[in-house]
1. Name every residue in the range 350-385 that is within 14 Å of the ligand (Cβ to nearest atom), open to solvent by 20 Å² or more (accessible area, probe 1.4 Å) and either of a type in the set (Gly, Ala, Ser) or in contact with a strand residue (DSSP E or B) (Cβ under 8 Å, 6 or more places away or on another chain) (or both), in order of residue number.
2. Which numbered condition in (1) closer than 22 Å to Ala25 by Cα; (2) at pLDDT below 95 is the only one that Asp353 fails?
3. Being within 16 Å of the ligand (Cβ to nearest atom) and modelled with pLDDT of 95 or more narrows it down to one of Tyr62, Tyr36, Tyr57, so name that one.
4. Among the residues of the range 373-421, which ones are modelled with pLDDT under 95 and either closer than 16 Å to Gly342 by Cβ or among the basic types (Lys, Arg) (or both)?
5. So which of Gly313, Gly366 is closer than 28 Å to Tyr36 by Cβ and in contact with an Asp or Glu (Cβ under 6 Å, 6 or more places away or on another chain)?
6. Suppose the filter is under 21 Å from the mean Cα position of the chain (by Cα), of a type in the set (A, V, I, L, M) and open to solvent by less than 20 Å² (accessible area, probe 1.4 Å); does Leu115 pass it?
7. Please return the ranges of helices (runs of 4 or more DSSP H) entirely within the range 87-205 where 3 or more residues are in contact (Cβ under 8 Å) with a residue 40 or more places away in the chain, away from the ligand (no atom under 16 Å from the Cβ) and out of contact with any Asp or Glu (no Cβ under 9 Å at 6 or more places or on another chain).
8. So which of Pro130, Pro110 ends up being surrounded by fewer than 22 Cβ atoms within 10 Å (Cβ to Cβ) and at pLDDT 95 or above?
Amino acid sequence: MKFPFIKREDPEIYTALVGEEKRQAEGLELIPSENYVSHAVKEAMASSLTNKYAEGYPGKRYYGGQEFTDAVETLAIERAKKLFGAKFANVQPLGGANANIAMYFALLSPGDTVLGMDLSHGGHLTHGHPVTYLTKIFNFVHYGMKDVETGEIDYDEMRRVAKKTKPKIILAGFSAYPRELDYAKFVKIAREVGALAVMDIAHIAGLIAGKAAKNPFDYGFDIMTTTTHKTLRGPRGGMILVRESEELAKKIDKAIFPGFQGGPHMHQIAAKAVAFGEALRPSFKKYAKQIIKNAKAMEKVFKKSGARMLAGGTDNHLILLDVWTSYGISGGEAERLLDRAGITLNKNAIADDTRKPMDPSGIRFGTPAITTRGLGSAESARVAELMIEVLTKRDDTTVVRVRKEIKKLAKAFPIPDSFEK
Ligand code: DSN
């Protein structure tokens, strides 16, 4: 039985936990930033390390009793460095937003400029959206796509803005963009204006670690920030990697602790170490490649049906489908319909969307979680066909029929407890 202690001690939470386990087991997860972790990762998260305070870093802590925390954090750091070809790693950020915020404060003074990707073209809130407090302190300017039908970034505009605004950081990375970036161009422009090249790899960290996508460090990027729970398939958390500068690494460490955080969440760091160990296995490379193959299989189905995808398709793990243009329904309605059919994804603005963020023109979905379950190209294509059926017919009979087929697929591909060596 799962959760025997919670069942006894807290029946209300028990009911919610069991409900969520069932929802995850019986439906298919297509939110591109979600995944399923191994039981080994879960065991680390549930370990007694949650009881421990460990402010500081291995070998230099502010509390006693650090024999095992030091071993855990050192292993996490060493594995992260190996995975990403970094000289330094800070594994303490509590999440991706924290990692980005600390990175800005480590590298910038108030009023300094950051040139990042426009949120409406796929960037992230922490890349300088006016709703964040970051914009009260730093000056964010943006670049975007030259052509939303191909996804090509406007590098000429990036250079022009960079020369005019003299940013201290040129930031690459996204949470809703389906193409690979031209990293050499980013670095060239950064060097021309004396900026640091930083990439937020949160979405594609697993693709990079699994060598299914290019590594920005190979092109001279200085720093990468990331979450650890998306394609990388670790526990919820963040991380900052520095390619080679010890001076930058020291600034980052200081910004994380004592700058922004207190006691590191050692149970999460242990889980990060376990997940990084899994990502170093040969099977992780297969998984990373298959994520892209599965996304391509879905792309093919949508392309054939004449649907409009942002950038015309995908090079990575995610697709942005313009359901408003393709099927005449809003992203919100599509999200709800597909949820009822057992397919979980999220509504998402399509570049330069004229609809509101709470009910935009598109949906965003991806293949990391279904790939972890073992679905291949044929099954991914079938999921895309079922999505089209729901989005075009929209009646209860279709929704119920598709839900049944999704449940069958989910049963045939259960969430794994562990991964191949
Ligand atoms: N919430 C994450 C995502 O879904 O992409 C980004 O922070």
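The values are calculated or read from the model by the stated rules, or taken from the named source; none is laboratory data. What you see is a predicted model; the values in this text were computed from it and never measured. Here the Cβ is made from the backbone with ideal geometry for all residues, glycine too, and neighbour counts use every protein chain on show. Each accessible area value is taken on the protein alone, full model and side chains, heavy atoms only, with ligands, DNA and RNA left out. Shrake-Rupley method; radii C 1.70, N 1.55, O 1.52, S 1.80 Å.
1. Answer for the range 350-385, where residues must be within 14 Å of the ligand (Cβ to nearest atom), open to solvent by 20 Å² or more (accessible area, probe 1.4 Å) and either of a type in the set (Gly, Ala, Ser) or in contact with a strand residue (DSSP E or B) (Cβ under 8 Å, 6 or more places away or on another chain) (or both): just Arg364.
2. Failing condition for Asp353: (1).
3. Residue meeting the stated conditions: Tyr36.
4. Of everything in the range 373-421, just one residue is modelled with pLDDT under 95 and either closer than 16 Å to Gly342 by Cβ or among the basic types (Lys, Arg) (or both), namely Lys421.
5. Gly313
6. Here the answer is yes, as Leu115 does meet what is asked.
7. Answer list for the range 87-205: 155-165.
8. Unique residue meeting the criteria: Pro110.
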